1. Along Cα→Cβ, 7 Å out, is where each label goes; now give me the distance between the ones at Y185 and R141 in nm to one decimal.
2. Which net charge results for the neighbourhood of D53, defined as the other residues with beta-carbon distances under 10 angstrom from its beta-carbon, given Lys and Arg at +1 and Asp and Glu at -1?
3. Could you work out the local net charge near I171, counting Lys and Arg as +1, Asp and Glu as -1, over the other residues with Cβ closer than 13 Å to its Cβ?
4. If you place +1 on the Cβ of every Lys and Arg, -1 on the Cβ of every Asp and Glu, and leave all else neutral, what size is the dipole of region 63-141 about its Cα centre, to the nearest 20 Debye?
5. Largest first and in whole Å, what are the equivalent-ellipsoid semi-axes of region 109-211 based on the Cα gyration tensor, each being the root of 5 times an eigenvalue?
6. If you take the charge dipole of region 95-148 about its Cα centre, with +1 on Lys and Arg Cβ and -1 on Asp and Glu Cβ, which of S111, Y134, N123 is farthest toward its positive end?
7. With only Lys, Arg, Asp and Glu charged, each at its Cβ (+1 for the first two, -1 for the last two), find how big the charge dipole of region 20-67 is about the Cα centre; round to the nearest 20 debye.
8. Rounded to whole Å, give me the distance from the Cα center of region 239-259 to that of region 88-115.
Amino acid sequence: MSSCKNEKNANKTLGIPKNVSSDLQLDHFNIWVENPKIAKERLNAIGFTSVPDSLSKIHTGQGTAGRYFHFLNGYLELIFVYNQIELEENNTKNTGLDFTERANFKKNGASPFSIALKVKDYNVEKIPFEKISYHQDWMSRNENIYSAKNSKTHLKEPSIFVVYPEIESDIFETLSDLKNIPDEYAFARGFYKHPNGAKKITNIIITSTDVDLTTETIKALNGIKNLTIKNGGAHVMEVYFDNNIQVKTFDLRPELPLIIYL
């Protein structure tokens, strides 16, 4: 399979600009799933450690929950509908959000992927695209997440949102740095240690079936280091770990629209 270097060359061929943004960075990424148990087991089977279900977040007031896989520089969340009534009530209150459409991806053809961004030296004014502010019951008081406005109207593109500093993912340079996790949470250090050897996310390529590469949102995404959004025949996410140092590939379709490179 092609290396990250080859993927970057492919970006040039596709005409996708890769001027690295100085303010936006990847925080984590989500995949909407209908059956979280099967999806999680598929990742466990190829050597990824998951956070126990008992410790996994329920997004109170939003109607969703997640299953989590932590890495030294971000995490993967398998997001799913936990309470359909709550999901629909939230949609009534927050009409600009796209949760109900994304949750229904198999029927409406929406992209099942979400990208969570963080802003260096956090300042809402640095977000370079139209956005919608929203607050949910599970969030810190007086804090808001900002969703890209076109995530509701451009369903074939990945959904985009920006997190606030208090919920940004922890970043570690090496496994030895996990000692910085307080002793009272020492159990969490094991969540970052994967039998397959994966440590850091080094490249993500998301293919969607109908992306307008000229919108401010997509241009901003394609300006983020090691993140590419492009057009193709099907929704699929390719995630590279540690620059594909092991030269291993795992195609998890059809259970997950995900290809892993270790």
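Bear in mind these aren't lab numbers, they're just calculated from the coordinates by the rules spelled out. Keep in mind that this is a model prediction, so the values were computed, not measured. Cβ coordinates were reconstructed from backbone atoms using ideal geometry, including for glycine residues, and neighbour counts include every protein chain displayed.
1. That separation, rounded to one decimal, is 2.1 nm.
2. Numbers: positive: K37, K40, R67; negative: none.
Once all neighbours under 10 Å are counted, the net charge is +3.
3. Numbers: positive: K118, K120, K199, K200; negative: D27, E168, D170, E173, D177.
Here the count lands on -1.
4. Values: 10 positive and 10 negative charges, 48 e Å.
That gives region 63-141 a dipole magnitude of about 240 debye.
5. Numbers: eigenvalues 168, 81, 31 Å².
Listed largest to smallest, the semi-axes of region 109-211 are 29, 20, 12 Å.
6. Result: S111, furthest along the dipole toward the positive end.
7. Details: 5 positive and 5 negative charges, 42 e Å.
My answer is approximately 200 debye.
8. Here the two parts' Cα centres lie 26 Å apart.
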